[in-house]
1. Under 12 Å from a point placed 7 Å out from the Cα of residue 260 along the Cα-to-Cβ direction: which residues of region 15-42 have their backbone N that close?
2. Could you give me the ³J(HN,Hα) list for region 357-364, computed from phi with Karplus coefficients 6.51, -1.76, 1.60 and θ = phi - 60°, whole Hz, x at Gly and Pro?
3. Extension gain residue 300-residue 25, at 0.36 nm per residue separation less the Cα-Cα distance, in nm?
4. Dipole of the chain (Lys/Arg Cβ +1, Asp/Glu Cβ -1, origin at the Cα centre): which of 103, 189, 360 lies farthest to the positive side?
5. How would you classify region 165-303 from its alpha-carbon gyration tensor, with a ≥ b ≥ c the square roots of the eigenvalues: rounded for a/c under 1.5, else prolate if a/b is greater than b/c, otherwise oblate?
6. I need the calculated FRET efficiency for the pair residue 41 and residue 95, taking r as the beta carbon distance and R₀ as 51 Å, to the nearest 0.05.
7. How much FRET efficiency would the formula 1/(1 + (r/R0)^6) give for residue 161 and residue 88, where r is the Cβ-Cβ distance and R0 is 25 Å, rounded to 0.05?
8. Which of the listed residues, 312, 280, 125, is farthest toward the dipole's positive end in the chain, when Lys, Arg count +1 and Asp, Glu count -1 at the beta-carbon?
Amino acid sequence: MRRGPDGIWQVSGYEEARAVLRATATVQAGLGIETVEKLPSRFRRPVLYRDGPEHREDRRQTARFFTPRRVDEHYREVMVEAAEAQLDTVRETGRGHLACLSFQLAIEVASAVIGLTESRPGIRARLERFFPEKFGTPGLTSLHGIRWLVRQNSNWLRVYWGDVRPAVRARRRRRRDDLISHLLDEGCSSGEILGECLTFAAAGMVTTREFVNVAAWHLFGDATLLTRYRAADEPGRIAILQEILRLEPVIGRLRRRTTAPLRLPGDGRDPGAEVTVPAGELVDILLHRANLDARTVGERPERLCPGRPMATGAGAPGLSFGDGAHKCPGATIALLETDVFLSRLFALPGIHMAAPPGVGFKDGIDSYELRGCTVVLTGRA
Ligand code: HEM
């Protein structure tokens, strides 16, 4: 735990990171909070940007959409259908672009949870535009800023007209068992529902796309690991995926602001040293470093070792799904859909990687973006 020259505290030990994420005297301060801060105060914030009792109540009410039983009974079929549809294109053409296949998969699965099921054609293109590889800074003081302002506003509208409005209209007529119906019952406006849908798109679609790519890349590049993955049952395969995610957290950095003095244990090198972060300070939680903390994840933390014994209370993917109040509700969904897709991809006879992905980075959240990985079927390319 240390305070950087920019005044922001940085936590890289596992126990300390988890303690910050579990602390109640903190609020969300990352993942695009600046966009939400500009909204009028009466506008209901998407779940990621809420805190305290209203956030807890929100999570309590939506928890039923994410239970393992629900995932198995409601979403597994969607995952299998979406995965098979993507793999059909590989079977037919002999090749496929993993970033496209995995994005379509992630969109269909998260859309089923949200209730975005009446979309006009082109949802993938609309979301690709909304989450471009490079972001400009919208503003009114330069041509570049104005261009981005117009572009971002038109992107909001496209998703609204193409996806959210048709879904909301259908559910105003007849409620279903999904998130949008729940938000309507809560009295949310269409704008608020749009905000929540785009939060889920970023949290559930963009992340899962990257994870499928990184996991496939590991498996294509490590023959022993791939043999083990192919031979394992579902829990065994998921343990492999969790270990990959520990080493390659899709979101590598979270941020909180303290609302009261926050006392944390020392950084382990000096066990007696406690640190107190004053109220009103920013704290960066470095998940990629915390996940390599040997005190929690055991010896040779940088090695991929599925099923490694972890210290009591630590989960197999480390802190890659976060912890505390904002812990990812979609973890079971993400792992299962990745496995449903990859186990089928790697069962295709003659499948191999023709081109590895290029790696881009998203600085603010220490994330990666893998594009250009091409898979081919031998004899068909
Ligand atoms: C491998 C894929 C995924 C990764 C790595 C991931 C990671 C995370 C992390 C680290 C957070 C915590 C953010 C914070 O504490 O500030 C989070 C929150 C969240 N995730 Fe995921 N996620 C994934 C997939 C999903 C899926 C599939 C869904 C839904 C279908 C989802 C929905 C959410 C939501 C709604 C939140 C906000 C929860 C809250 O603020 O209370 N995620 N995710």
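1. Under cut-off, by backbone N: 23-26.
2. Working through the residues one at a time gives x, x, 10, x, 10, 10, 4, x Hz.
3. Working: separation 275, 0.36 × 275 = 99.00 nm, distance 3.39 nm.
Value of the extension gain: 95.6 nm.
4. Selected residue: 189.
5. Values: a/c = 3.11, a/b = 1.22, b/c = 2.56.
Taking the square roots of the gyration eigenvalues as a ≥ b ≥ c, region 165-303 is oblate.
6. Working: r = 51 Å, r/R0 = 1.00.
Working from the Cβ atoms, E equals 0.50.
7. 0.25
8. Among 312, 280, 125, the one farthest towards the positive end of the dipole of the chain is 125.
Bear in mind these aren't lab numbers, they're just calculated from the coordinates by the rules spelled out. Small disclaimer: the values here were computed from a predicted structure and weren't measured. All Cβ positions, glycine included, derive from the backbone under ideal geometry; neighbour counts span all protein chains shown.
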